[in-house]
Amino acid sequence: MYRKMTTAAMAALVAVGLTFGAGACSLPKTSTASRPQPKVTSAPPLSPLQMVQAAFTQTSKANTFKVSLTMVVTIQGRKITLSGDGSGQCQPPAADIVLSGPTKVHSITVGSTVYEQVNGGKWTKTQGSGGSSLGSGNQADTLRYLERAGNVTPLGAKTVHGASATGYTATIDLNKAIAAAKGDEKTALEAMKKGLGKDTLPVQVWLDGQGRVVEFHLTVPTTIQGHQLDIDMTMTMFDYGTPVHIVAPI
C-alpha cells in the first residue's frame, strides 16, 4: 500500500507544482511592463523584501542550471524520502530529473508536456494547460510566486554548493496568486490553500551574490486517495549557465 501511495504522492507533486521542472524560471503569463522589477545591483541596497521579490527575475536570467531535490513524504506517520538530481532550462522551457527512493521516478518536461517513467516502466505523457502553470509540466513554477512574497525576515548566511548564500523566510499570498491564475494553475493553488487551511504559504529561500535562488524549501499538506500527506521539499539550484541537453523520451 505504501508503495502505491508513494507513487501517488509523486503525481501529487505535479498537481501542486512542487517538483522540479522547467517552470522554475518560466516567464510569467501576465505582463509586468507596468510594474518595474527591482534590480539587485541598484543603489541604495535592496531591502530583504525587494531581494526576495526580485529573486525570480534574477534566477530567470541564467537560463540553464543543475538541481538537487530532496522530498520527504509523511504518510500516516511514516516518512518516505525521495531524492535526486537533474537539470533545467528556462527558454525554451525544459527539465529532466530522476528521483529515487522506495519508488524511482524519471520526469522529463518539455514545454508544457510532462513525460514520466516509474520504476523503469513505460513512459507516460501528460499535456499541461500551456504556459507556466502549477498544474502543467512546468512543475516548479513555485519560484514565480516569490514575486508575491511578504513578511520577509533574514535568516543569515550559509554555504550552498560551495558558494555563500543569504537566507530569508517569507510568506506567499495565495489569494493574490489564485486571483491571477487560470485553469489548472488556479485549481492547484486552491487545493494548496485548502490543504494548508490558511491564506499564506510559508517558504524559506536562499540567494547567492547575484540574487539567484540557490535553495528553496517549503512544506505543503495534501490529500491523496483519501489519506493525508505532508510533503516537505528542499530544492537546490547550482551551476547556472551550464549547457544542458533535454529531449522528449517518446
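Below are the figures for this structure:
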| quantity | calculated |
| --- | --- |
| In Hz, Karplus ³J(HN,Hα) per residue of region 46-59 (6.51, -1.76, 1.60; θ = phi - 60°; x = Gly, Pro) | 6, 6, x, 4, 5, 4, 5, 5, 8, 4, 4, 4, 5, 5 |
| For region 155-250, convex hull volume per residue from C-alpha positions, Å³ | 168 Å³ |
| Extent along principal axes [Cα atoms of region 169-218; Å; largest to smallest] | 35, 21, 14 |
| Residues Asp232, Asp96, sorted so that the one with the fewest Cβ neighbours within 10 Å comes first | Asp232, Asp96 |
| Karplus-derived HN-Hα couplings along region 199-208 (A = 6.51, B = -1.76, C = 1.60, θ = phi - 60°), whole Hz, x at Gly and Pro | 8, 10, 10, x, 9, 10, 9, 10, 10, 7 |
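All of the numbers you see were taken from the coordinates with simple rules; none came from a lab. Everything quoted here is computed from the prediction, not taken from an experiment. Please note: Cβ atoms are built from the backbone with ideal geometry, for glycine as well, and neighbour counts cover all protein chains shown.
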